[in-house]
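One structure is given below, encoded as C-alpha cells.
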Amino acid sequence: MIKKVFFAYEKILYERTKKIHDIKSKFFQNMIDDMFETMYYHNGVGLAAPQIGENYRLAVLDVKDGNPLVIVNPKIVRAEGSRKILEGCLSVPEWLGDVVRSEKVVVEAQDRNGKTFRVRAESNLLAQCLEHEIDHLDGKLFIQKIKSSEELWRITNDGK
C-alpha cells in the first residue's frame, strides 16, 4: 500500500527512532512491503520509516543495482573520507543541496528476517543513500547539513 510521505515541517522527521525487537512480525513485514511500494511510486532510491510516519529504525533502499536492501536497526560502524555531493529527499520535494558525505561507509544492520549483516559502500550512490537514511533514523534531514543558501537549489518545472 502506498503511504503518505511526511514533509520537512513535520515533527516526526526530527525525532530519534526506536529500535525494533520483533522485525518478523506481520506489522513490520507489511511496513517493509509498503515502504518499498511507496518508494518506487515516488521514484526514490531510499525511504526511512519516519518518512511514512512510523518512529522505528527501519529503512529500505534500492539504488537500482539489482539488490534492494532492508536495513533494520542500522548503525554506521566505519566512515572514512568525505566528499561533497548533490542530494535530494522525498520529504523535501523540489529542493536539492550540496551535502558532505563520507567517501566510504560500513553499516551493520539486520535484514527483514532479523539476520545481522554488514554492507560496505565506497564513493557511490549506495554509500550516500545509507548515510542519508540513517540520518533520517537519527532525526536529521539533509537540509540541516547545508552550510549556506548557495548550496541549496529549487527545482523548477523547466528543469532549472
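Taking the criterion of being buried (at least 20 other Cβ atoms within 10 Å of the Cβ) and charged (D, E, K, R), the only residue of region 16-72 that qualifies is 57. Of the residues making up region 108-160, those that are more than 14 Å from the chain's Cα centre (by Cα), surrounded by 17 or more Cβ atoms within 10 Å (Cβ to Cβ) and within 15 Å of residue 63 (Cα to Cα) are 119, 121.
On the basis of being touching a residue at least 24 places away in the same chain (Cβ under 8 Å), open to solvent by 20 Å² or more (accessible area, probe 1.4 Å) and over 22 Å from residue 3 (Cα atoms), does residue 86 make the cut?
Numbers: touching a residue at least 24 places away in the same chain (Cβ under 8 Å): no; open to solvent by 20 Å² or more (accessible area, probe 1.4 Å): yes; over 22 Å from residue 3 (Cα atoms): yes.
Answer is no for this residue.
The values are calculated or read from the model by the stated rules, or taken from the named source; none is laboratory data. Note that the structure is predicted; figures quoted are calculated from it, not measured. Backbone-built Cβ (ideal geometry, glycine too); neighbour counts: all protein chains shown. Side chains are part of the model used for accessible areas, which takes the heavy atoms of the whole protein and leaves out ligands, DNA and RNA. Shrake-Rupley method; radii C 1.70, N 1.55, O 1.52, S 1.80 Å.
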